[in-house]
Structure formats: structure tokens, C-alpha cells
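Beneath this line is the structure, given in C-alpha cells, with notes to follow.
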Amino acid sequence: MPTLRLLSYNIRSLRDDEAAVARVIRAADPHVVCIQEAPRFLRWRSICAALARRSGLVIVGGGRPAAGNLLMSTLGVEVHGVRDQLFTKDLRLHQRGTALALLSLRGSRFVVGGTHLDLEEAPRVRHVGELHRAVDSFAGAVPSILAGDINEEPHAPAWRALAERYTDAYAVAASGGEFTYSAVDPVRRIDGIFVDPSIEVVSCGVPDVPGIERASDHRPLLAVVRLP
């Protein structure tokens, strides 16, 4: 059963300390990274490619076509397919979506979906349903992992809708810090990693790495799982 290290990280469009973001990612030593708020305007492709290079990773998919959700991985992860999916948009609110990828690590296939849900509750809940449908149509019978900035805490409706279908990785195997926001004064758990019940969670939490408080306004979340 291969062991996968997956990092979820809202980098606030690299508006804080770009070099620190890359150092935090490198220190966490992930196989796969789900980025939220990746740069998505002027020269976004080259900026994202530079971030991947500095982090010791390669781009898998996403970016602007996935509403700022970006997927990166090591060269040891094989990519079999990608899809960018936008969610329905509300007036005066940001476009939301998901970046999906069918991957394999040492022969074990899995799907990763990175997302960033809305600041308002109604679209958050609606978009969870759209996310489920997007993953179902893309993944088929392959087990999936969802990760991202949920923009609400575990007691709230969208988080509960995710936890009804998936295992909340931190809730079952807490290891490291709990709170992901804010980076300087962490008091809220609003970023999550959710795994298919067939995937074993070894550990999940905010990694203890240097520079985490100045890299972004969020702290990253790292899950270690065993793939079926």
C-alpha cells in the first residue's frame, strides 16, 4: 500500500512572501499539492511554473481555468488525466471551481480534487453538490481525495456535506497543528482534506515548518495516507 503525502495550501496569489511559500512546500515534502488562490491574471502560467520549480515539483493541472485551483506533484506521481471544472457563479461573488486529476503512485490509482469554496454559505453548500458530481463523473470507481479552503469550520453545512461522503482526515488522525487561519494567529480550522473511506489516513495536520507565518495568510494542511 503506497504512502502518499498530500498538501493543501491557500497561497493568497503569492502576495505575501513568494520565496517562503516555496520553502514551506519543500519542507513539507509532499507528493501532491493542492493550491488555492494560485496566480491567475497577468503571466499566471509562468508564475505558477516558477513556483512549481522552486518547490521541486511540476504542474499537473488547474490554474486560471479552474478558478485559481492549481495541482502540482513530484515526478514520481504519474498523471493519467486532468479536468478543470467551474461551478455556477453568483452575481458579485468570485468564480469558484475545482481542478481534478487522475494520478497513480507506485501503481495505485487515485483522483485528487482541489477546490476553494465561497465566503457565503448558500453557494458553498451548492458548490459541494457540484463538486461531488464533477468528481463522480471524472473518477468513476477510482478512490478520490478532496482538499481545499472550505471557508467554514467543521460544524457548518458545507463541511458536513463533505464529511458525509468522505473521511475528514484531521478528525480521524490528528497530528500537528489544528488551525489553518490565520497564519499569524491561527484560531480557525477552515481548510480540510477529505479522503475516500477506502483510503487509510495515517496523519493530518498543519506541519511544523519554518516561515509558515509569513508565507501566506493561511497555514498549509498536510495529510499522509495509504492508498488502496
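In deg cm²/dmol, rounded to 500, what helix-only [θ] at 222 nm does the chain give when every DSSP H run of at least 4 residues adds -39500 (n - 2.57) and the total is split over its residues?
Helix contribution divided over all residues of the chain: -7500 deg cm²/dmol.
About the Cα centre of the chain, what is the dipole size in debye to 20, counting +1 per Lys and Arg Cβ and -1 per Asp and Glu Cβ, all else neutral?
760 debye
Out of the range 51-115, which trypsin sites (Lys or Arg not before Pro) are coil in DSSP terms and have no more than 12 other C-beta atoms within 10 Å?
For trypsin sites (Lys or Arg not before Pro) across the range 51-115 that sit outside H, G, I, E and B with at most 12 neighbouring Cβ atoms in 10 Å, the list reads R92, R106.
Picking from H127, H31, H155, which is most flexible by a Gaussian network model of the chain using Cα springs under 10 Å?
Result: H155 has the largest fluctuation of those listed.
For the range 153-202, what number results from the quotient of the Cα radius of gyration and 2.2 N^0.38 Å?
The value comes to 1.17.
Please find, in a Gaussian network model of the chain (springs between Cα atoms separated by less than 10 Å), the residue of G76, G61, G114 whose mean-square fluctuation is greatest.
Looking only at G76, G61, G114, the largest GNM fluctuation is found for G76.
Using Cα springs under 10 Å in a Gaussian network model of the chain, which residue among C204, C48, C34 shows the largest mean-square fluctuation?
C48
Label points 7 Å out from Cα along the Cβ direction at R92 and A122: separation in nm?
1.1 nm
Normalised by the empirical 2.2 N^0.38 Å for globular proteins, what value does the Cα Rg of the range 3-226 take?
0.90
FYI, it's all coordinate maths here, none of it is from the lab. Keep in mind that this is a model prediction, so the values were computed, not measured. Glycine gets a Cβ as well: all are built from the backbone with ideal geometry, and neighbour counts include every protein chain shown.
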